[in-house]
Every structure is written in structure tokens, then in C-alpha cells.
Amino acid sequence: MKIGFRKKFEEHRKLLVEMLKREGVIRSKEVEDAMLAVPREVFVPPQLADRAYEDYPLPIGFGQTISAPHMVALMTEELAPRPGDKVLEIGTGSGYQAAVLAHIVSKEPEGHVYTVERIPQLAHRAKRNLIHALGDLSSSVTVYIGDGSEGLPHFSPYDKIIVTAAAPSVPKPLVDQLAPGGRMVIPVGTRWSQVLVTIEKHPDGRIETKYGIACIFVPLIGRHGWSDPT
Ligand code: SAM
């Protein structure tokens, strides 16, 4: 019975990846392989597992969401992670985006994904999801609890930084923690609508900012984000 379920999910995953390729969202072999390898059904609540391969965000509790697969693919393509990269993710949520990144950076030479979540219960669940989905590869991801708008200075600088919650402006600590030659992708705007912003820090330290597609993310709550609504 369990094998039947696994096969069904695998087929749905392949169909979704094919669709995202046809739409031009998945452009690279790295992102294609990672999205084919990571079982999204592990990262959604069990009662929503049947909807894991619909291209929508889904609720994961505490008013938060796992992003839609096309958004994960699009942000990963834009971030362009490479094997050996040290990546910082802000907004662990379910752990799915971190798993996709880990799949790419952990190839030789081995990189690492540091991911920060402000809601402790989600961080604990994400750790379990990552072990379940990635097995040994889960040692390439470390989940921290805290205010990611301050970054994670201890392990900086990072080759890549991805923020999966919406900020009112680009948090300065994150720019400071980006390595020269590094790249950051972050949704910036109001609480209800944003633009995907790509920041490049050139080797000479010069910052270049590019504005991409419109998007809607839950807010980045913290010192360099929005204040807590509660
Ligand atoms: N990347 C996630 C995934 O793959 O499931 C989805 C992220 S969800 C859209 C945004 C997450 O950012 C939420 O879990 C929320 O609690 C978290 N968040 C919001 N503000 C944060 C902050 N200052 N530091 C860390 N996490 C934060």
C-alpha cells in the first residue's frame, strides 16, 4: 500500500516538473533534478498530502504557508546556487525550499544550507521533515530559531541568501552578510504585495539591484522586517 502511494506521488511530481519546464519556470538541470528528488508530500500537513503536487501554496499552521512549487523553482533559478555554496535561507517554514537548495549545494564540493525560522514549532517540524525527506543529506542543512531579519552573522559571509518572507525593505544585515560575488533574492514591498528583488554584491563590493516579478509572501516579522501583528 505504502509503495503504491510513493509511486503515485512520484508520478505527480514528474508531471509537475514537466509542466514547470514547459512554462519556462524550470530552466536548469540542477533545479529540475532537485525538484524531482525532493518529496513535497513530506513537507505538507498529512491531511494535505494529496494536494502536494498542485501548484499552490498550502497552509502549514501558525498562519504560515509552504510556497507554491513554481515560486520555489523560480526563486531557486534566480538564486542560481552551485555545488559548494554556503547558503542562508530566512523563513524555514516547512523546510521544503531548504531541501531543494541542499540537493544542489551538497554535490561535490560539499556546501551547506543555514536556515532560520522565527516560530520554534515550525523549526522543530522542519528538522523532522528534512531528516525524513533527505536522510543522510539532511546533515547539509542546519535549522536555527530566531529573527532572520538580522541574518546569521556567525557563519557569514554567504555565497547566496534567499528570503522567503516579505520585507518592507532589504534588511541591511543581510546585505552585509553577503559575500563579494554573492547574490540574494528577496520579496520586497507592502504586507500584501511585493516584487521579487535580486541583489548582487560585485567582487569590488558594489551593489546592483534588479526588480523581478510581482509576488505575495507572508510578512518577514522582526527587527529589520515588519512588527509583529499580534
Ligand atoms: N521556505 C518555506 C518553505 O519552504 O516551506 C516557506 C516560508 S513561509 C512562506 C515564510 C516563513 O518565514 C514562515 O514560516 C515565517 O514564520 C517565517 N518568518 C517570518 N519572519 C521571520 C523572521 N524574521 N525570521 C525567520 N523566519 C521568519
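So that you can scan it fast, the table gives a plain yes or no per residue for (1) open to solvent by 40 Å² or more (accessible area, probe 1.4 Å); (2) among the β-branched types (V, I, T):
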| site | (1), (2) |
| --- | --- |
| T65 | yes, yes |
| V72 | no, yes |
| A80 | yes, no |
| G95 | no, no |
| Y114 | no, no |
| I119 | no, yes |
| L130 | no, no |
| P153 | yes, no |
| P157 | yes, no |
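Among the residues making up region 180-208, those that are without any contact (Cβ under 8 Å) to a residue 24 or more places away in the chain and either closer than 17 Å to E77 by Cα or of a type outside the set (S, T, N, Q) (or both) are G181, V188, G189, V195, E200, H202, P203, R206, E208. State yes or no: is R82 over 16 Å from the mean Cα position of the chain (by Cα) and away from the ligand (no atom under 13 Å from the Cβ)? When the stated conditions are applied, R82 does not pass them. Cβ-Cβ contacts under 8 Å between residues 6 or more apart (or on different chains), taken from a first residue in region 122-136 that is within 12 Å of the ligand (Cβ to nearest atom) to a second residue that is assigned to a helix (DSSP H, G or I) and of a type in the set (A, V, I, L, M, F, W, C), are listed as A126/A98; N129/V42; N129/A99; L130/A98; L130/A99; L130/A102; A133/V42; A133/A99.
Of the residues making up region 90-112, those that are near the ligand (Cβ under 7 Å from one of its atoms) and assigned to a helix (DSSP H, G or I) are Y96, Q97, A98.
Residues are listed down the side, and each one gets a yes or a no for (1) part of a strand (DSSP E or B); (2) modelled with pLDDT under 95; (3) of a type in the set (S, T, Y); (4) surrounded by 12 or more Cβ atoms within 10 Å (Cβ to Cβ):
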site	(1), (2), (3), (4)
S169	no, no, yes, no
V175	no, no, no, yes
A179	yes, no, no, yes
L196	yes, no, no, yes
D204	no, no, no, no
E208	yes, no, no, no
R223	no, no, no, no
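Among the residues making up region 32-77, those that are of a type in the set (A, V, I, L, M, F, W, C) and either at pLDDT below 95 or in a helix (DSSP H, G or I) (or both) are A34, M35, L36, A37, V42, L48, A49, M71, V72, A73, L74, M75. Put simply, of V87, V72, V38 the only residue that is aliphatic (A, V, I, L, M) and touching a Gly at 6+ places or on another chain (Cβ under 9 Å) is V87. Checking each residue in region 136-158 for being among the acidic types (D, E) and either touching a Phe, Trp or Tyr at 6+ places or on another chain (Cβ under 9 Å) or under 20 Å from Y96 (Cα atoms) (or both) picks out D136, D147. For region 147-167, filtering for residues that are within 18 Å of T65 (Cα to Cα) and assigned to a loop (DSSP other than H, G, I, E, B) leaves 3.
Just one of the listed residues (E117, E150, E110) is acidic (D, E), more than 22 Å from P171 (Cβ to Cβ) and in contact with a helix residue (DSSP H, G or I) (Cβ under 8 Å, 6 or more places away or on another chain), namely E110.
Here region 21-31 is the region considered, the condition is being more than 16 Å from D55 (Cα to Cα) and not in a helix (DSSP H, G or I), and the residue that is most open to solvent (accessible area, probe 1.4 Å) is R27.
The values are calculated or read from the model by the stated rules, or taken from the named source; none is laboratory data. Quick caveat: nothing in here was measured; it's all calculated off a predicted structure. Don't worry about glycine lacking a Cβ; one is built from the backbone with ideal geometry, like all the others, and counts go over all protein chains shown. Please note that ligands, DNA and RNA were not included when accessible areas were found on the heavy atoms of the full protein model with its side chains. Shrake-Rupley method; radii C 1.70, N 1.55, O 1.52, S 1.80 Å.
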